[in-house]
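Engineer: One structure is given below, represented as C-alpha cells, and several questions about it will come after.
The values are calculated or read from the model by the stated rules, or taken from the named source; none is laboratory data. Keep in mind the model is a prediction, meaning the values are calculated, not measured. All Cβ positions, glycine included, derive from the backbone under ideal geometry; neighbour counts span all protein chains shown.
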C-alpha cells in the first residue's frame, strides 16, 4: 500500500476530521480526501462513515488504524534515531511540561540550554494534560506525577512543596485565618481541570474539613499561573507551589505552620529513546539547573 495514502488515513483516524488531518500533514483537505478515497478503492471496503460531527471508523477502518498506529510510531522512531546519528546533539526535540513549571521556572533558564546546545531546536508544549510519549506526541516530558507504563524511563528531579497564599490586601479586608476551620469564611481559588492529576492542588478546599464536604470555590482557574495572578489580585486564598512565589512577591503565606501536598517532579521519556543524545543533553541540563536551584535555597527538595 502507498504510505502517503496510509498517512492520510491515519491522520484522519486520529483527528476525526479531514480538515484537521490536512493541517497535521500540511496538505489540503481535498488532498487528504482523495488519498483516503483511493485507499478505500484499493482495499474494496469503506474505512470511514461520514457524519455531520466528523469521521467515524468502520470495523475495517478500526483494524487498519491499529496497523497504521504501529507504522506511524515506527516511522517517528526511525526519524528520531536519524536525528541522534551524529555525535553532537542536534535537530528538533519535542518537550512537554506543566503550564506553571514550564512558563515560570523552565522558560527563564532555557537560554542556558540554547547556549550549550545551539544545534538542538526545542519545541516546548506547555499543557497540564498528559501527552502520550509512546505515541511520540512528545519525545520527553516533565511531569508532576510518576509514569505508569513499563516502556517509559523516569528520573525524579525534585519534590515541589505547596502552601496557602493570599495577598495582604485580601487579608486586611477579610482577616487572617488562624486555624484551618477559619478558611470556611474565606474565598477559595482552585485549580479547575479535574481530569488532570494537578487537581490535588485544591487542598485549600479540604484542609481542616476531614470527612466533611470540601469548601465551595469562589473562583476556578484552569492553570496555576492564573491562580497566582488571582491570589495577587486579592481574589482569595490559593494553594500554590512555593517555587512560583519569589521573595519579592506581595503574597503572604496563610497558616504557614501547615504544609500542603508535595509533588514529585519527574523527567520521563520512552525506553526506545534511551540512547538519544538530544534527550540526554536536556536531561543533564535539567539535573544541573535543579541542583543549582536547590543549592541556592530554591523552594523544593
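Engineer: With (1) within 30 Å of residue 243 (Cα to Cα); (2) surrounded by 15 or more Cβ atoms within 10 Å (Cβ to Cβ) as the list, and residue 114 as the residue in question, which single condition is left unmet?
Structural biologist: With respect to (1) within 30 Å of residue 243 (Cα to Cα); (2) surrounded by 15 or more Cβ atoms within 10 Å (Cβ to Cβ), residue 114 is out only on (2).
Engineer: Further question: Checking the conditions here, which among 142, 153 is under 15 Å from residue 98 (Cα atoms), touching a helix residue (DSSP H, G or I) at 6+ places or on another chain (Cβ under 9 Å) and in a strand (DSSP E or B)? Can you show your working first?
Structural biologist: Working: 153 fails: under 15 Å from residue 98 (Cα atoms).
Matching residue, one of 142, 153: 142.
Engineer: Also, I was wondering about something else. Residue check, residue 66 against (1) more than 18 Å from residue 135 (Cβ to Cβ); (2) surrounded by fewer than 18 Cβ atoms within 10 Å (Cβ to Cβ), all met but one. Which one?
Structural biologist: For residue 66, the exception is condition (1).
Engineer: Next question. Would it be correct to say that residue 164 is in contact with a strand residue (DSSP E or B) (Cβ under 9 Å, 6 or more places away or on another chain) and surrounded by 19 or more Cβ atoms within 10 Å (Cβ to Cβ)?
Structural biologist: Against the criterion (in contact with a strand residue (DSSP E or B) (Cβ under 9 Å, 6 or more places away or on another chain) and surrounded by 19 or more Cβ atoms within 10 Å (Cβ to Cβ)), residue 164 qualifies.
Engineer: Would you kindly identify the strands (runs of 3 or more DSSP E) lying entirely within the stretch 1-116 that contain at least 3 residues that are within 24 Å of the chain's Cα centre (by Cα) and in the same structural domain as residue 271 (by TED's automatic domain parsing)?
Structural biologist: Result: 91-97.
Engineer: In the stretch 262-285, how many are touching a helix residue (DSSP H, G or I) at 6+ places or on another chain (Cβ under 9 Å) and within 14 Å of residue 243 (Cβ to Cβ)?
Structural biologist: 2
Engineer: Suppose we keep only residues that are within 20 Å of residue 102 (Cα to Cα) and in contact with a strand residue (DSSP E or B) (Cβ under 9 Å, 6 or more places away or on another chain) within the stretch 203-225. Which one would you say is surrounded by the most Cβ atoms within 10 Å (Cβ to Cβ)?
Structural biologist: Taking the stretch 203-225 as the starting set, the residues that turn out to be within 20 Å of residue 102 (Cα to Cα) are 221-225.
With the extra rule that they be in contact with a strand residue (DSSP E or B) (Cβ under 9 Å, 6 or more places away or on another chain), the set shrinks to 221-224.
Numbers: 221: 20, 222: 14, 223: 20, 224: 24.
Step by step, filter the stretch 203-225, then rank; the result is 224.
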